[in-house]
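Remarks on the structure that follows.
The values are calculated or read from the model by the stated rules, or taken from the named source; none is laboratory data. Just so it is clear, the model here is predicted, and its values are computed rather than measured. When we count neighbours, we look across all protein chains shown, and the Cβ atoms used for this are built from the backbone with ideal geometry, even at glycine. In case anyone asks, the SASA skips ligands and DNA or RNA and just uses the protein heavy atoms, side chains included. Shrake-Rupley method; radii C 1.70, N 1.55, O 1.52, S 1.80 Å.
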Amino acid sequence: MIDRDVVRRVTADLDLREPNRIALETVVLQLHAHETREGYASDTFEGVIDSAVGVGKTYIMAACMDYFAEAEGIRDFAVVVPGQTILQKTLRNFSEGDSKSLLPGMDIRPVLITSENFRTPAFRSVMDDDEQVRLYLFTVQSLLKPTTKAHRRTHKYQETLGEAFYEHLGGLTDLIVFADEHHVYDAKKFSAAIRDLKPRALIGLTGTPTKKMEDRVIYRYPLAAAIADEYVKTPVIVGRRDDRDDAKIKLLDGVHLLDLKQESLDRFCEARSLPTVNAVMLVVAQSIEEAGEYAALLESEDFEDGRFVGRVLEIHSKSADEELAKLDAVEDPDSSVRVIVAVDKLKEGWDVKNVYVIASMRASVS
């Protein structure tokens, strides 16, 4: 039913938080219950893990892969993500030697197969190797039926496979699919792209399940519990007592709060002999044009006597690789970035621990 020894080993090696250990056990038990029920006919098990943002959904995926590979000998796993930002983040999570990698705590060493490399002859032998664990990593868009070049790539006949790659995935009898940010896939075509693979199990992970998926939720660990257990920061909404709401005032208020956060961080780290943490403010802009205006204002000599000159990073769909590299290094002690101005770019899949102030310059319901 469940191999408790493997659960204990996975929990210890990945240093799983208690809610993530329970999520792992829930997936294993629910899948077993599904496959041993009366009238079971190899249909896909689908379960949703509703876990608060910041608790570690990627750890749940890693734990499940490690467990099923060791306890049941499963060799094929897939992670489907909603876009490139979270794709790159997930690649790092399962890449050897990366600072964000979870592999040091995992027993398996999966070969990463993406839409960029699956066509090479070298991966044909990997796919035929019964001992090799494979992790297929794709955006949901790349699995859609062909309408663009990127979509055609996975649906086009591959000579090395003898079939289209999408068909190959659909033919894997033990495939377990993890749908990260599962709430994104409610659209009919996205949903079909994943479910038509007919995997053994489809495990959705999200912090914001939709009403349509409520009957599929098998485990829930809400934000209130995460805050109470001190796994995530306690969010505090700050507003002005007057009606001033111009951009400069909002940004000045934001950096004032940032200074207070930095002072608290410095005292905390010094008292415990911990490395210094640089507090960062995230400014959420409505458009690329507005982001440019806010960045220019923050870096002007008239703003706080110019102390943010060279310390502001502007991130949006047109950002150059150099800016993205700076974003990637924002947690580094040597990073000069203190303010990130972003446009609809860092909603999902951006994991940093040193954002202490969020200045939303647009209306928000989140």
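Counting heavy atoms of the protein chains only and a 1.4 Å probe, report the per residue accessible area for the range 253-364 as a whole number of Å².
The answer is 56 Å² per residue.
Once the Cβ-Cβ distance between S95 and S336 is put in as r, and R0 is 22 Å, what FRET efficiency do you end up with, to the nearest 0.05?
0.25
Kindly sort T114, T173 by accessible area of their heavy atoms, largest first, with the probe set to 1.4 Å.
Putting T114, T173 in descending order of accessible area: T173, T114.
Pop a pseudo-label 7 angstrom from the Cα along the beta-carbon direction at both D259 and K318 and give the gap in nm to one decimal.
If labels sit at D259 and K318, their model points lie 3.3 nm apart.
Averaged per residue, what accessible surface does the range 61-141 expose to a 1.4 Å probe, in Å²?
38
How would the range 218-366 be classified by its alpha-carbon gyration tensor: rounded, prolate or oblate, with rounded meaning a/c under 1.5 and the a/b versus b/c comparison settling the rest?
rounded
If you stretched the chain out fully between K212 and D302, how much longer would it get, using 0.36 nm times the residue separation minus the C-alpha to C-alpha distance?
Contour length minus Cα-Cα distance gives 27.3 nm.
Connecting C-alpha atoms closer than 10 Å in a GNM of the chain, tell me which of Y221, Y40, Y67 has the biggest fluctuation.
The residue with the greatest mean-square fluctuation here is Y40.
Got a number for the accessible area of I227? Probe 1.4 Å, square angstrom, nearest 10.
Per-residue accessible area (I227): approximately 40 Å².
Taking all protein chains as present, what is the carbon and sulfur share of the accessible area of the chain, in % to the nearest whole number, probe 1.4 Å?
Summing carbon and sulfur atoms, their accessible area is 49 percent of the total for the chain.
Would you mind telling me which residue in I74, I249, I194 has the biggest mean-square fluctuation in a Gaussian network model of the chain, where springs connect alpha carbons within a distance under 10 angstrom?
Highest fluctuation among the options: I249.
What's the magnitude of the charge dipole for the chain around its Cα centre, counting Lys and Arg as +1 and Asp and Glu as -1 at the beta-carbon? Answer in Debye, nearest 20.
Charge dipole, the chain, about its Cα centre: 820 debye, nearest 20.
To the nearest 500 deg cm²/dmol, what mean residue ellipticity at 222 nm is calculated for the chain from DSSP H runs of n ≥ 4 alone, each contributing -39,500 (n - 2.57), summed and divided by the residues?
-11000 deg cm²/dmol
For Cα extents along the principal axes in Å, which listed value, [x] 179, 33, 27; [y] 68, 44, 39; [z] 59, 53, 52, comes from the coordinates shown?
So the structure-derived entry is [y].
Students often get this wrong: which residues of the range 19-58 have the backbone nitrogen under 18 Å from the point 7 angstrom along Cα-to-C-beta of A12?
21-22, 25
Rank K248, K211, K326 by mean-square fluctuation in a GNM of the chain with C-alpha springs under 10 angstrom and give only the top-ranked residue.
Greatest mean-square fluctuation among the candidates belongs to K211.
Could you go through the range 213-228 in sequence order and give the Karplus-derived ³J(HN,Hα) for each residue, using 6.51 cos²θ - 1.76 cosθ + 1.60 with θ = phi - 60°, rounded to whole Hz, and x for Gly and Pro?
The phi angles translate into 9, 4, 6, 9, 5, 9, 8, 9, 9, x, 4, 4, 5, 5, 5, 4 Hz.
Between E35 and R311, what length in nm is gained on full extension when 0.36 nm per residue of separation is reduced by their alpha carbon distance?
This chain segment gains 93.9 nm when fully extended.
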